[in-house]
Structures are given as structure tokens and as C-alpha cells.
Amino acid sequence: MFKICIVFKISIRRDGGSPCRKRKKEESPAATGSFSGFACGEIARTRLMHRHSTADNYATALRSLLAFHGKKDISFAEVDSRLVDAYGEWLRKKGICKDTLSCYMRSLRAVYNKAVEQGLTEQKEPFGNVFTGISRTRKRSIEKADINKLRAVQVKPGSFMQLVRDVFLFCFYACGMPFVDVAFLKKSQIKGGILVYHRRKTDQVVQIKLEPCMQEIINRYRSDGSDYVFPFLTSQDEDTAYREYKRKFSYYNKTLKTLGKLAGVDKPLSSYVARHTWATLAFMSSVDMSVIAQALGHTDVKTTRIYVEDIGNGKQNSANKKLLNEVLRKRSSVQEVTSVQRYNNFQYIENQQLPHVSLSEKAWNRYFRLEKKAILFCLFYLICISSRLL
């Protein structure tokens, strides 16, 4: 009796429609002059460096550019200002918001500049006419009272809702620490009461002294079976852990919105709110802008100013009002003192320097002065008439 065993091998692709699917062995981008081929190589290299968010931005931007171009490949010769300008107009007509458009352009520009540095193409400044900045964002911060509402809200002990509440507060307590850095935070990064982390987005080193409120939250989730401080991730493999993070990040933001409504916070909560709130309250407390930028892990203070721009205008208006009130109040006080002094001087002159006479005496003096003037006028008139007669 023979047994026949048939084995099926199924390969599941997880690239999510990546523009950089594996092809047959072909020449390098340097030989073919392929911009899209070079971009795929940069995406792969960035992932090897565990900069997954940057790699995702590169891949999304390249996918969008290829959709506009209508081809599977774009050469370096085709990447010029006309192509980029037309691509930008195409994005605007599709209703892509300004910041998303800017993100696409910055990602493509970064890849293009790397190709220029490696001598694969000449610098033609194809992105010179498109917007690559950061537009003014809506105010994402909440008030001090809202932070206390979140602290006081009743949640089920041991639930994911409690974890979300505690981590949101921890992000705020830790100088607006980004959620991705909190999720990947390991116990080895805390030594001697100091938390040290490399911000994943900018690779800036940030050091934060643990305060009692922060230590309390850390102790609540202390576990000997994990290297991570908070129970979001389980894998020690960077790539696997990042996929875990992406799933938990979405659930975290969804739960935050529910938590905000439960606590009575008017504004919708997200992972960015804790960061913006810390920056806003620090600025309103007159913390220097450079200190805020350092705490947030920003490489440029201009980025920090975007966080507090609306608050900056309000603070400026309040400062101006306060200054004017002080100046005008001081001027009013001076005028009041001057008026009092004038009145006192007048009273002094009237009461001290002039002789005191009764009203009847004053009346008689006025009468005699008028009578004297009348007599003099009559004499003058008579002299004039007599001179004419003569």
C-alpha cells in the first residue's frame, strides 16, 4: 500500500502593494539611470537601519508618483521641474491636503538628493517650485483642567483603557515624549532615575529625569518577563516589533478618543495631543523656546514654533495688553498727582499768599477801580474836545 503525500507551499506577500516588488536580476540603477529603481534601493536600506517610518514615507511617495506617471519605472532624466510641478498639480486636483503633498515632495526630494550625492544624476533642482514646508497646524493641545480630568476618570483596573490613559499621561509627564518611543522604551534605557532615548524620527538624544508621577506609572506595569517598560510589544526582533507597534498604534488612538469622551474632554484625543499640550503649557509658563525644542527632540526651533504659534499670538496680545495697562495706569496716576498738586498750589496761593478780605471790601475795591477808570476816560474826552475847539 502506497501513501501519497502532497505538500502545498503558499507564499503570502506582505508588501501592501509596494512599488518595489522583487524583479528578475537586472542592472543597477547607476547603469540604467532609473530613479524608481534607486528609490527602491533606498527604501530597502532604510528598513535595514530600522527606520521604518521613513521607509514607509519613501514607499508611499514613490507609489503615488508612479501612479501619476503611469509607468513602472521613471528615469533620472525624466525627473525635472516640469514633471514635479505636474505631479503636484495632479495631487491638488485629487484633493490631497497641503501637508500630505509636502510630505510626498520631501520624501522624493530626499531620495533624489541622495542620488545626486552618489553621482547618479546632476542636480537640476526639480523640487524648487513646489511646497515642501509645514503649514500652520490646528491647535491640538488641551487645557490643564483636561489633564486633571484624565487623571481622575474611573477606568477598569488592568484594562487596555487604563494602559492607554496611563501612557498618555506618561507621554505628557515625560516632556511630550512621542508614543512610538514610549512603546519601544526598554528598561535598560532607565538608569539612576534618568530616562534616555533616541527619538526615532530625528535620532536626537533626549534625557529626562523621572518624576514621582512618572515612576508611579512605570511601577504599575513592572514585569520580569519583558524587556519593555510598557506591555505594547513582545518581540525582540526590530521588524516584527514594528509591525506590532503599527497595530497597537491604531488601537491606541481609537481608545484615546473613547477615553476623552469618557473623561469629558471637549477636544478629540490622539497620540499627538500629549506632545502638543506639554509644549503649549511649557511655553505659557515662559520656558525658553530652545529648552522646549531640546525636550521635544527637535533639530530646528522653527518646528517648535509651529507647535506654539497660536499660543504665541495669544501670549503676545496678553503681554501687550498688560504693558499698555501698566503704562496707561501709570500715566493716569501721574495726571492725578499733578492735578492734586495744582489744586494744592492754587489753594496755597489763594489761602496763604493773598490777604484775607471780606466780600464787601472786595466789592468796594472793584467799584473804586471802575470809578477811577471812568473819571480818567471823561478827562481824556474833555481834553480832546477842547483841543478841537481851539
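Any read-out appearing in this document is the output of simple, stated calculations on the displayed coordinates, not a laboratory observation. Since the model is a prediction, treat every value here as computed from it, not as a measurement. Because the Cβ atoms are built from the backbone with ideal geometry, glycine has one as well, and the counts that use them run over all protein chains shown.
Take Arg151 and Phe249, extend 7 Å from each Cα along the Cα→Cβ direction, and tell me the distance between the two endpoints in nm.
3.0 nm
Where Rh is the Kirkwood radius over the Cα pairs of segment 174-231, the temperature 37 °C and the viscosity 0.692 mPa s, what D in µm²/s does Stokes-Einstein return? Working shown, then result.
On the way: Rh = 11.8 Å.
My calculation gives 278 µm²/s for D.
Subtracting the Cα-Cα distance from 0.36 nm times the residue separation, let me have the gained length for Leu48 to Lys186 in nm, one decimal. Please list the in-between numbers first.
Details: separation 138, 0.36 × 138 = 49.68 nm, distance 2.06 nm.
Roughly 47.6 nm would be gained on extension.
What order do you get for 66-77, 95-106 when each peptide is scored by the mean count of other beta carbon atoms within 10 Å, highest first?
Numbers: 66-77: 14.1, 95-106: 16.2.
Top of the packing list down: 95-106, 66-77.
Note down the nm distance, to one decimal, between modelled labels 7 Å out along Cα→Cβ at Val327 and at His198.
The two pseudo-label positions are separated by 5.1 nm.
Say the dipole of segment 175-319 comes from +1 at the beta carbon of Lys and Arg and -1 at that of Asp and Glu; which of Thr240, His198, Leu296 then lies farthest toward its positive end?
The residue sitting farthest along the positive end of the dipole is Thr240.
Rank-order 209-216, 163-170, 260-267 by packing density, defined as the average count of other C-beta atoms within 10 Å over each peptide's residues, highest first.
163-170, 260-267, 209-216
To the nearest whole percent, what portion of all C-alpha pairs in segment 43-126 is separated by more than 20 angstrom?
Working: 1158 of 3486 pairs.
Of all Cα-Cα pairs in segment 43-126, 33 percent lie more than 20 Å apart.
In whole Å and largest first, what semi-axes does the C-alpha gyration tensor of segment 215-266 yield when each eigenvalue is scaled by 5 and square-rooted?
Details: eigenvalues 123, 61, 7 Å².
After diagonalising the Cα gyration tensor, the semi-axes are 25, 17, 6 Å.
What fraction, in whole percent, of alpha-carbon pairs in segment 107-246 exceed 28 Å separation? Walk me through the intermediate numbers first.
Working: 3636 of 9730 pairs.
Here the long-distance tail beyond 28 Å is 37 percent of all Cα pairs in segment 107-246.
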